[in-house]
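Working notes, structure below.
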Amino acid sequence: MKIAIVYKSLTGNTKIIAKSIKEALQKQNIIYFGEPKDNIDADVYIVGSWTDKGDATEEIKKFLLSLENKKIAYFGTAGFGGSNEYYIKLFNRVKSYIKKSNKIIGYFYCQGKMPEKIRQKYEYLIKEHPDDKNIKISIDNFNKALTHPDLNDIENAKKWIKSILEV
Ligand SMILES: Cc1cc2nc3c(=O)[nH]c(=O)nc-3n(C[C@H](O)[C@H](O)[C@H](O)COP(=O)(O)O)c2cc1C
């Protein structure tokens, strides 16, 4: 079983998860680890992306669309984490880039800390609208995300990939 781990990470969170998955599969035949590129010849593709405006990145979407007759596992990190419903929504979108000839063998999400400029935006907004509950929720979520991915997320990612590949 030839395995490729293909991911896109802007600030490092998704890379942490990608590396953890690689570590969990160290005894397996990993033929590629890195950013999307053409002509990766594997049986199983473990594909990961950070979440950009509710979706995977353009590079990952394009890469997923290029796959046919493969086994695909997907992992993602998202700033607004913690809710399964949100992750399901995100993955439903990702699914639309996976052609029917492939077999989706599983997916995994965890929360990932967000850039400081996003907090600055919320702080600006809360000054303008001090009673806005949604902005407060966003700030709380920003703070909650700061420690992620944490050791628990890493362990969960490792367990996830080992269980779906049965290794
Ligand atoms: C421009 C931009 C857009 C984002 N959009 C979303 C989003 O729609 N939903 C979400 O949950 N997180 C969003 N995030 C947060 C990132 O997906 C999250 O911090 C992720 O863990 C970053 O992963 P990376 O460190 O691998 O780049 C966004 C971050 C940026 C910078």
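Straight-line reach from Lys89: taking Cα to Cα under 17 Å and skipping same-chain neighbours fewer than 8 places apart, the lysines in range are Lys53, Lys61.
If you plug the beta carbon distance of Lys162 and Asp140 into 1/(1 + (r/R0)^6) with R0 = 35 Å, you get a FRET efficiency near 0.60. Sorting Val47, Val167 by the number of Cβ atoms found within 10 Å of their own Cβ, with the fewest placed first, yields Val167, Val47. The GluC sites (Glu not before Pro) found in the range 62-167 that occupy coil by DSSP, while having at most 12 further C-beta atoms within 10 Å, are Glu68, Glu166. When the helices of the chain are scored as -39500 (n - 2.57) per DSSP H run of n ≥ 4 and the total is divided over every residue, the value at 222 nm lands at -13500 deg cm²/dmol.
Each residue, Glu85 and Asn69, gets one label point 7 Å from its Cα in the Cβ direction; the gap between the two is 4.2 nm. Ranked for footprinting exposure by Cβ neighbours inside 10 Å, fewest first, Met114, Met1 give Met1, Met114. Taking a ≥ b ≥ c as the square roots of the eigenvalues of the Cα gyration tensor, the range 1-58 is oblate, since a/c reaches 1.5 or more and a/b is not larger than b/c. When only Cα pairs below 8 angstrom with a gap of at least 6 residues are kept, the chain shows a relative contact order of 24 percent. Which residues in the range 56-81 have a backbone N closer than 16 Å to a point placed 7 Å from the Cα of Thr147 along the Cα-to-Cβ line? Flagged as within label range: 81. Applying a threshold of 19 Å to the alpha-carbon distances of Lys19/Lys100; Lys117/Lys144; Lys100/Lys159; Lys37/Lys162; Lys2/Lys103; Lys8/Lys113 flags Lys19/Lys100; Lys100/Lys159; Lys37/Lys162 as lying beyond it.
Read-outs: derived from the displayed coordinates by stated rules, not from any lab. No experiment lies behind these values; they were computed from the predicted model shown. No Cβ is skipped: glycine too gets one built from the backbone with ideal geometry, and neighbour counts run over all protein chains shown.
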